Amino acid sequence: MTPDLRPIIEALLFVSADPLSSQLLAQVTEVPEESVKDMLRAMGQEYGAPGHGVRLVEVAGGYQFVTQPELAPWITRWEGLRHPQRLSRAALETLAIVAYRQPITKPEVEGLRGVDTTGVLYTLLDRRLIRICGRKDAVGRPISYGTTPEFLRWFGLRDLEALPTLNEYEETPVVTQPDGGSAHAT
Amino acid sequence: MALAARTVFTARLPFFEGPLDLLLQRVRNEECAPADLPLALLTQQYLEYLDLIQLLDLDLEGASLATAATLIYLKSRALLPETEGDMASDDAEMAIRDPQEELAKRLLASRPYRAAAAYLQTQEAEWSLMFPRACPSPSSDSPPAPQVSLFDLLGALKTVLEKKPVTAAALEVTLDRYTVEDKIAMILDRARGGTSFDQLFVEDHTRLAVITTFLALLELLRQGRVRVEQAKPFGPIQVSQA
């Protein structure tokens, strides 16, 4: 007897280390994608209710179980996990430029930032948040950079379109805090 | 004993005495033509100033150097005959413009990205509290691969060089530009997911490309950014991110 759709999806999401797309889930369960999406929506709401240790999120083009944020102190207490290292302001700015302007070359990034970004770009490459995605057809054939799926996962974005448009930032100026918080400038 | 003071270079020219950025401002306001600047005299004074600075071990005021360079550039442009569609004329334009203005323009252009950075910071903070399924720890149970020696690498290179005869490229002489930097980027990109030594050479058969790639690999190994492993003697060599 085939089990219901919901336990199958739940089991697949449990076992996968990476987000699973609705397309993939539809393929595996041999169910139309729309039905899978409906189920995922329903599951998202259920897990959103209080009392669960995990919630269902849509990130990097797929769905995934993640732990509830208020449980972070217990999760990090467990030795199994390293404490994630936050990015510096320079890294965030460079990353923002790459994210919005990809593919973009190093000189173009530096033109906007006004400082040398060699070190920052290496860091971002090492952390797999950006990747080399080809060369620009210009003098010197410079390397161009773009963001990766890991970038989406790190910031909890469903896809690049989930980023606010650059214009939206103009309306509410936001100030980056060095300590990791941020405040809206008045 | 070193003095921590900073001194500003003061130019002493027949028609002007003062710091260099004031001189540049005069040029900008067209009170002073670039072609009229006695730059030989100015340079001599600057060199004497440098000697003095070194002697007294004071901190060098670096902005003068940049301004001096700008003045030399402007004069050289003024002295050269003008040609149509001169790309460098934009540079001259920019050099004359106020550096403050340039900075202000750049700050304005980069503002949305700084705001975006703040947004990303918030997202990062929120998201870092939520954990997905943990990935298996790096110390897995596969046996450690034996060390790859330089001779193993050279042996593998020799195989690659012998295997790939120069193809039809011998018919036309094109100067392909490979730099070690290019190949470093290529190797890093491939190494991310893990690749084999042979895979690094598939696209480019030419001797120059093969050697440049090999040098890039050696450099990355030296820097410790990639790792090479060979499961069995004379077996394929795996290249992965360190």
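The values are calculated or read from the model by the stated rules, or taken from the named source; none is laboratory data. Just so we're clear, the structure is a prediction, and the values are computed from it rather than from any experiment. For neighbour counting, all protein chains shown are included, and Cβ atoms are generated from backbone atoms with ideal geometry for every residue, glycine included. What goes into the accessible areas is simple: the full protein's heavy atoms, side chains included, and nothing from ligands, DNA or RNA. Shrake-Rupley method; radii C 1.70, N 1.55, O 1.52, S 1.80 Å.
Residues A:G119, A:G114: which one is at the interface with another protein chain (Cβ under 9 Å from one of its Cβ atoms), open to solvent by less than 60 Å² (accessible area, probe 1.4 Å) and in contact with a helix residue (DSSP H, G or I) (Cβ under 9 Å, 6 or more places away or on another chain)? Explain how you work it out, then say what you get.
Values: A:G119 fails: at the interface with another protein chain (Cβ under 9 Å from one of its Cβ atoms).
Going through A:G119, A:G114 in turn, just one is at the interface with another protein chain (Cβ under 9 Å from one of its Cβ atoms), open to solvent by less than 60 Å² (accessible area, probe 1.4 Å) and in contact with a helix residue (DSSP H, G or I) (Cβ under 9 Å, 6 or more places away or on another chain): A:G114.
Residue check: is A:A91 small (G, A, S) and under 20 Å from A:L152 (Cβ atoms)? Before the answer, list the steps.
Details: small (G, A, S): yes; under 20 Å from A:L152 (Cβ atoms): yes.
Judged against the criteria, A:A91 is a match.
A:E93 meets all of the listed conditions (1) in contact (Cβ under 8 Å) with a residue 12 or more places away in the chain; (2) surrounded by fewer than 20 Cβ atoms within 10 Å (Cβ to Cβ); (3) charged (D, E, K, R) but one, namely (2). Checked against the criterion of being of a type outside the set (S, T, Y) and within 19 Å of A:P7 (Cβ to Cβ), the candidates A:L71, A:L24 yield just one match: A:L24. Inside the stretch A:58-72, residues that are part of a loop (DSSP other than H, G, I, E, B) and within 10 Å of chain B (Cβ to nearest Cβ) make up a count of 1. Scanning the stretch B:162-192 for residues that are modelled with pLDDT of 80 or more and assigned to a helix (DSSP H, G or I) returns B:V180, B:E181, B:D182, B:K183, B:I184, B:A185, B:M186, B:I187, B:L188, B:D189, B:R190, B:A191.
Give the residue that is surrounded by the fewest Cβ atoms within 10 Å (Cβ to Cβ), with candidates limited to residues of the stretch A:96-111 that are closer than 16 Å to B:L108 by Cα and within 10 Å of chain B (Cβ to nearest Cβ). Steps first, please.
Of all residues in the stretch A:96-111, those closer than 16 Å to B:L108 by Cα come to A:96-97, A:108-111.
Now restrict to residues that are within 10 Å of chain B (Cβ to nearest Cβ): A:96-97, A:109, A:111.
Values: A:A96: 25, A:I97: 25, A:V109: 21, A:G111: 14.
Per the stated criteria, the residue is A:G111.
Restricting A:I75, A:I8 to those that are within 12 Å of another protein chain (Cβ to nearest Cβ) and either free of Cβ contacts under 8 Å to residues at least 12 places away in the same chain or more than 30 Å from A:N167 (Cα to Cα) (or both) reduces the list to A:I75. For the stretch A:13-49, taking the residues that are without any contact (Cβ under 8 Å) to a residue 12 or more places away in the chain and acidic (D, E), the one that is surrounded by the most Cβ atoms within 10 Å (Cβ to Cβ) is identified as A:E33.
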